[in-house]
Amino acid sequence: MAYIGNEPAEAYSNIAYQDFGTQSGTVFTLDFPAGAPGELEVFVNNVRQEPSVAYNVSGTTLTMTGTVAATDDFYVVFQGKAQQTVTHPANTALVATTGTFSGALSATTGTFSGDLTVDTSTLKVDSTNNRVGIGTASPTKKVSTSIGLNDTDGYVLEYSGDAKGGILLNPVGGEVRMGAINSTGTYFSTLYANNSEFMRITSVGQIRTVNRDFGFSNHLTTVSLADDASIVINAGTAGVGLLAIYETASGGNALFRAGYLSCAALSGAGSVTFAVADTDGAICVFSTNHTITIKNRLGATKAFYINMFMAGNNFAG
């Protein structure tokens, strides 16, 4: 039917209830005032009492005809006072044009034709641009996340049984690093159908094939070596690759073929001498048993870029 004035806001009814616990006697104070005994349903030990006979009411004062014992189950239902509330019933579907929540919400389902906002930026659904924001109130992509520098909570997907198993987005120095991190946070790996590793990127930047008979791995090291100091690369049980060395002060560089039990120079350029044995006045690269040694014999501290490209099994530095 038609009405005059503003459209009434939707509200829900909740019948007020008061339990007197272990109170005893004949006079009790009500939480809400009542105008007549018939507005109340009074129960003693779950037996409803007769209005105006078993009790009377005046405002917030309830007077019982008989004495109520502390052991009686004594409570009142305020039938004459249906409390209006904006709290949504938990067993009812939620339908709205927009939604903003800063606290708890209970409902069977929820449908929004407009935006959804949870605690400003905890979760934002932008219905106009069809975007979802996590940690941001202004998502710019289909799914946008806002993570602080080195934020330990910066996981987008997390395996529930492993605190570090998941897809990690972590901005460091203005860039975003992404990886599926193992339980100790030491490598990123990919898996194939039987849940075995296929490829691994280690915490020191090595790219390795794992549980495979072939593949490629890459190990880049930046190092400063004092005179007569060396760095050792431990070879796996098989495999062959290319070892590139660049001495930053002079620009001298060389390329070596490195294997399990051998190392040979393929080419070199610049004023620095490269040797495949422990030789004074040179950058020495030589193989002994399971290791490849790179030694500075140039008479002063030198800085190097060392890069290993490996086919087959891996090298570890």
Sorted by chain and number, the residues with a modelled amide H under 5 Å from that of residue 110, at a separation of 5 or more or across chains, are 94
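Hey, got the dipole for region 12-85? About the Cα centre, +1 on K and R Cβ, -1 on D and E Cβ, debye to the nearest 20? Mind showing how you got there, number by number?
Values: 2 positive and 7 negative charges, 25 e Å.
The dipole magnitude comes to about 120 debye.
Going by average Cβ neighbours within 10 Å, how do the peptides 250-257, 42-49 rank, with the highest at the top? Walk me through the intermediate numbers first.
Numbers: 250-257: 17.4, 42-49: 13.9.
Ranking, from highest mean packing down: 250-257, 42-49.
For the ranges 295-308, 114-127, what's the packing order if you count other beta-carbon atoms within 10 Å of each residue, average per peptide, and put the highest first? The partial results should precede the final answer.
On the way: 295-308: 17.3, 114-127: 15.6.
The peptides rank, most packed first, as 295-308, 114-127.
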The answer for residue 30, listing residues at least 5 apart or on another chain whose modeled amide H is closer than 5 Å to its amide H, is 61, 62
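Values in this text are rule-based calculations from the coordinates and carry no lab data. In this text the structure is predicted, and so the values were computed from the model without any measurement. With ideal geometry, Cβ positions are generated from the backbone for all residues, glycine too; neighbour counts draw on all protein chains shown.
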